[in-house]
Amino acid sequence: MAPILRSQRARPLVLLSIIAMLLLAACGGSTSSGTTSSGTPSNSSITLKVGGKLDTEAQLLTKMYVLLLKKAGFNVVEKSQLGTNAVVFSAISSGQIDLYPEFTATGLAKLGKQSSGNAQQDYQTVKQGYESNYHITWLDAAPLNDTYGVCTSQSKASSLGATKISDLTSKASTLTVATPPDGKQYGVDVLKTAYGITFKGVTTYNEEGLTFPAVQSGTQDVNICYTTAALIAKDNFVLLQDDKNAFPAYNPAPIVRDDTLKKAPGIATALNPLAPDLTTQVSQQLQAQVVGGQSVTVVATNFLKSKGLL
């Protein structure tokens, strides 16, 4: 009888073990310490500090990153409008923030590299350079290109017969150009080198936004603009094609500290799907909505919902 008794007593223990295993599986293999069955921390146990630069486009990108990371279950501390290029890079280098949106041509400048004229090659250069020099990973870059360009009003473009920058070559000596401070070196000087364009006059304005009304009023003929500027869409300006690819590509991507990405690989899963939806035209339109009075949060949320990302 002893074997029979032992088997009868063992059966409840087996059943209890099976029940315990089922309960553990139902909980997704998680433990009270906030780790998954693979031993990595769960998203809900990780706090991420997301930074950003001062301009409207940077605010929109930062907000989108924050919203997508929150959807993925992370705890997020938002530090938008943190400062200039130097300030934000210093913050990620020191660990004050974990990630922020950066642009490829800005990354090249940080590395002391020149653009190859090929956007994908430039992306690989900054990706490799940031990894080896700063232990920072570049996630997927978007086709959005916030570079320098030449803009003008519809009426002026029509009178000049201009759709691309090279169309200005024979007329430049009779034209005046409005430029923001940085547009002198990175816009006007580049046009002279790449296209042989020398304008009749160059007037520098305190900020890029002031160059548009200068052209609208007829004070200036063309302006050096940022290619995703809200006023291109809002004021119905023409962005002339850079047919010689003189200006380097400024494609945005999330950049993340390696130590952060190692403990939270879900960051890439949450943010990479956004990249294909961010185009130059999309940025112009979203910024125009903010300029028109909508909040950054509302504009970013509506856009992500429209793409099925939120």
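In region 148-239, what percentage of the DSSP-assigned beta bridges are antiparallel, given to the nearest 5?
About 50 percent, rounded to the nearest 5.
Taking the Cβ of E207 as the centre, find all other residues whose Cβ is under 11 Å away and add up their charges (Lys, Arg: +1; Asp, Glu: -1). It would help to have the intermediate numbers written out before the result.
Working: positive: none; negative: D55, D182, E208.
Summing Lys/Arg as +1 and Asp/Glu as -1 gives -3.
Provide the gained length on full extension for the span K244 to K262, in nm with one decimal, where the gain is 0.36 nm per separating residue minus the Cα-Cα distance.
Details: separation 18, 0.36 × 18 = 6.48 nm, distance 4.08 nm.
Here the answer is 2.4 nm.
Let me have the relative contact order for the chain, percent, based on Cα pairs under 8 Å that are six or more residues apart.
Result for the chain is 23 percent.
As a test of the formula, what do you get for the chain when each DSSP H run with n ≥ 4 contributes -39,500 (n - 2.57) and the sum is divided by the residue count, at 222 nm and rounded to the nearest 500 deg cm²/dmol?
-13000 deg cm²/dmol
Relative to the longest principal Cα axis of the chain, at what angle does helix 119-134 sit, 0 to 90 degrees, rounded to 10?
For helix 119-134, the angle is close to 60 degrees.
Note down the net charge around L67, summing +1 for each Lys or Arg and -1 for each Asp or Glu among other residues with Cβ under 14 Å from its Cβ.
That sum, taken over residues with Cβ under 14 Å, equals +3.
Give the angle, between 0 and 90 degrees and rounded to the nearest 10, that separates the Cα long axis of helix 56-71 from the longest principal axis of the Cα atoms of the chain.
Roughly 10 degrees, rounded to the nearest 10.
What is the gain in length, in nm to one decimal, between E131 and S116 on full extension, counting 0.36 nm per residue of separation less the C-alpha to C-alpha distance?
Result: 3.5 nm gained on full extension.
So if each residue of separation counts as 0.36 nm, and I subtract the Cα-Cα distance between A109 and L54, what length gain in nm does that give?
Value of the extension gain: 17.9 nm.
If one puts a single equal scatterer on every Cα of region 243-310 and applies the Debye formula without solvent, what log₁₀ I(q)/I(0) results at q = 0.12, 0.21 Å⁻¹?
-0.46, -1.01
For the chain, take the longest principal axis of its alpha carbons; what is the angle in degrees between that and the long axis of helix 85-94, to the nearest 10 within 0 to 90?
Once rounded, one gets 20 degrees.
Among DSSP beta bridges whose residues both lie in the chain, state the antiparallel percentage, nearest 5. Write down the numbers at each step before the final one.
Working: 15 of 29 bridges.
Here the antiparallel bridges make up roughly 50 percent for the chain.
To check my understanding: the extent here is largest minus smallest coordinate of the Cα atoms along each principal axis. What are those three numbers for the chain, in Å, largest first?
112, 39, 29
Under 5 Å between amide hydrogens, which residues at least 5 positions from L54 or on another chain qualify, with H placed 1.01 Å from N in the peptide plane?
Here the answer is G83, since their amide H atoms fall under 5 Å of that of L54.
For the residue pair T198 and K307, what label-to-label distance in nm results when each label sits 7 Å from Cα along the Cα-to-beta-carbon direction?
For T198 paired with K307, the spin-label model returns 4.5 nm.
For a Förster distance of 25 Å, can you work out the FRET efficiency between the beta-carbons of V77 and D140, rounded to the nearest 0.05?
Details: r = 23 Å, r/R0 = 0.93.
So the FRET efficiency works out to roughly 0.60.
Just order 76-87, 179-190, 141-152 by mean Cβ neighbour count inside 10 Å, highest at the front, would you?
The densest-packed peptide leads the list: 141-152, 179-190, 76-87.
Read the figures in this text as sums done on the coordinates, not as results from a lab. Just so it is clear, the structure is predicted and the values come from calculations on it, not from any experiment. Cβ: placed from backbone, ideal geometry, glycine included. Neighbour counts: every protein chain shown.
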